[in-house]
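Heads up: the structure comes next, in C-alpha cells.
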Amino acid sequence: MINRAFTVAIDGPAAAGKGTVSRAIAAHFGFAHLDTGLLYRATGLRTLDGTEAVEAARALRASDLDDDDALRTPDVAQAASRVAALPDVRAALVDFQRAFARRGGGAVLDGRDIGTVICPDADVKLYVTASDEVRAERRHRELCGKGHEVTREQVLADLRSRDERDSARAAAPLKPAPDAIQLDTSEMSIEDAVAAAIAEVAQRIDSA
Ligand code: CDP
C-alpha cells in the first residue's frame, strides 16, 4: 500500500496484454485501475445508435463502463477507434482520467496516450507490445471464449486497421513516451510479462 498519489501509465497497441498487466499491477500493489479504452468503447457504442460522438463522450457516466461484454465486441472496438481520432472527444475525457490518476493510494491507467498526454509525469511508464500475429492469436482466443464467431484473419485485420488509425491520427497518437520502458511480450508467457512489469513498478516505489 502507498499513501500518496502514484501513477503507473501503460500504453501499447491493440490486444498487447495491457489489460492483464494493468490488472495484475493493481492487484499486487493495491492500486486502482482504469482501462481508458473502455471510455472510448462506451463513446463508440453510443454512436452506433446515431448519437453524435462529442455529445456521447460528454454524456458518459461511470455506469456506461459496466457492461463489459457489450463493450468488447469487434464492432465497438472499431467505433472506439473512429471516435478516438476526434480531438473534441479526447478533450471531453481528459479531466476524468487525470483525476483518476491523481487519487491517493496509487492508480494504474492503460490506453494509448497515458504516458504521453494524460499523465506525462507518471511515476512509471510501460509500453507493452507484441507481434501482430501473437496479438491476433490472443485476442482471437479471448473473443471465441466469449462466443463471438470471428476468424483469426478478421481479428488480425481489425487490430492492424485500429493500430494504423490510432498511430496516424494527429490527436494523441499511439506512440511510446520517450521515457517509457518497453516490454515486448511476444515470446513471454503472461506470468513472465506480469512479473517483469511488477518488478519495474516495485523498483520505482523503492527508489521514490
Ligand atoms: O483492448 P484493445 O487494446 O483492443 O483496445 P482498447 O484499449 O479497449 O481501446 C479501444 C480503442 O480506443 C483503441 O483502438 C483506440 O482507438 C482508443 N483508445 C485511445 O485512443 N486512447 C486510449 N487511451 C485508449 C483507447
Scan the range 159-172 and tell me whether some residue there is touching a Gly at 6+ places or on another chain (Cβ under 6 Å), modelled with pLDDT of 95 or more, in a loop (DSSP other than H, G, I, E, B) and of a type outside the set (D, E, K, R). no
If I filter the range 119-138 down to residues being touching a helix residue (DSSP H, G or I) at 6+ places or on another chain (Cβ under 9 Å) and among the aliphatic types (A, V, I, L, M), which single residue comes out as surrounded by the most Cβ atoms within 10 Å (Cβ to Cβ)? Leu126
Output the residues belonging to the range 27-52 that are among the small types (Gly, Ala, Ser), open to solvent by 10 Å² or more (accessible area, probe 1.4 Å) and either under 21 Å from Arg98 (Cα atoms) or within 12 Å of the ligand (Cβ to nearest atom) (or both). Ala27, Gly30, Ala32, Gly37
Residues of the range 27-74 satisfying the condition of being of a type outside the set (Gly, Ala, Ser), assigned to a helix (DSSP H, G or I) and under 17 Å from the mean Cα position of the chain (by Cα): Leu38, Leu39, Tyr40, Arg41, Thr43, Leu45, Asp64, Leu65, Asp68, Asp69, Leu71, Pro74
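Yes/no matrix, rows are residues, columns are (1) in contact with a Phe, Trp or Tyr (Cβ under 8 Å, 6 or more places away or on another chain); (2) farther than 14 Å from Ala9 by Cα; (3) within 12 Å of the ligand (Cβ to nearest atom):
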| position | (1), (2), (3) |
| --- | --- |
| Ser81 | yes, yes, yes |
| Ala85 | no, yes, yes |
| Gly106 | yes, no, no |
| Arg112 | no, no, yes |
| Gly115 | yes, no, yes |
| Ala122 | no, no, no |
| Ala136 | no, yes, yes |
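The rows are residues; the columns are (1) touching a helix residue (DSSP H, G or I) at 6+ places or on another chain (Cβ under 9 Å); (2) over 30 Å from Ala91 (Cα atoms); (3) free of Cβ contacts under 8 Å to residues at least 12 places away in the same chain.
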residue	(1), (2), (3)
Arg160	yes, no, no
Ala180	yes, no, no
Ile190	yes, yes, no
Asp206	no, yes, yes
When you check Arg141 against the structure, is it assigned to a helix (DSSP H, G or I), open to solvent by 60 Å² or more (accessible area, probe 1.4 Å) and without any contact (Cβ under 8 Å) to a residue 24 or more places away in the chain, yes or no? yes
Hits in the range 169-178 - residues which are in contact with a strand residue (DSSP E or B) (Cβ under 6 Å, 6 or more places away or on another chain) and without any contact (Cβ under 8 Å) to a residue 24 or more places away in the chain: none
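The values are calculated or read from the model by the stated rules, or taken from the named source; none is laboratory data. Note that this is a predicted model, so its numbers are computed, not measured. Counting neighbours? That spans all protein chains shown, and the Cβs are built from the backbone with ideal geometry, glycine included. Calculation scope for accessible area: heavy atoms of the full protein, side chains included, ligands and nucleic acids excluded. Shrake-Rupley method; radii C 1.70, N 1.55, O 1.52, S 1.80 Å.
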